[in-house]
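Note sheet for the following structure.
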């Protein structure tokens, strides 16, 4: 069964040229979004830089799984959407507590 929807879309429309870079950038963007939405605390600057460097290295590894047509990018998109909904609802709940 084939689950790599984004992989297939890119391959069918643009071919294999630049696919790794395309998937790497998408995975990196959605990993950063998931990281920012998933952690409530702000980190100091040096720690943030280290985290983002390690995140970029880790995304390189998971992009290899995207090339094997595992739904890594699709999963990161879903994670980002779920975390965004959670943060939005949490924000609205905190505003309701402040007003009452």
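Every read-out reported here was derived from the displayed coordinates using simple, explicitly stated rules and does not represent laboratory data. Since we're looking at a predicted model, the values are computed, not measured. For neighbour counting, all protein chains shown are included, and Cβ atoms are generated from backbone atoms with ideal geometry for every residue, glycine included.
Work out, step by step, the length gained on full extension between residue 95 and residue 52: first 0.36 nm times the residue separation, then minus their alpha carbon distance; give nm to one decimal.
12.4 nm
For the Cα atoms of the chain, what angle does the longest principal axis make with the long axis of helix 5-14, in degrees from 0 to 90, nearest 10?
Approximately 50 degrees, to the nearest ten.
Identify which of 39, 30, 60 has the largest mean-square fluctuation in a Gaussian network model of the chain, with springs joining Cα atoms closer than 10 Å.
Of the options given, 39 has the highest mean-square fluctuation.
Ranking request for peptides 63-72, 82-91: highest mean number of other beta-carbon atoms within 10 Å first, then the rest in descending order.
Descending packing order for the listed peptides: 63-72, 82-91.
What is the Cα coordinate range of the chain on the first, second and third principal axes, sorted by size from largest, in whole angstrom?
Cα extents, longest axis first: 56, 32, 21 Å.
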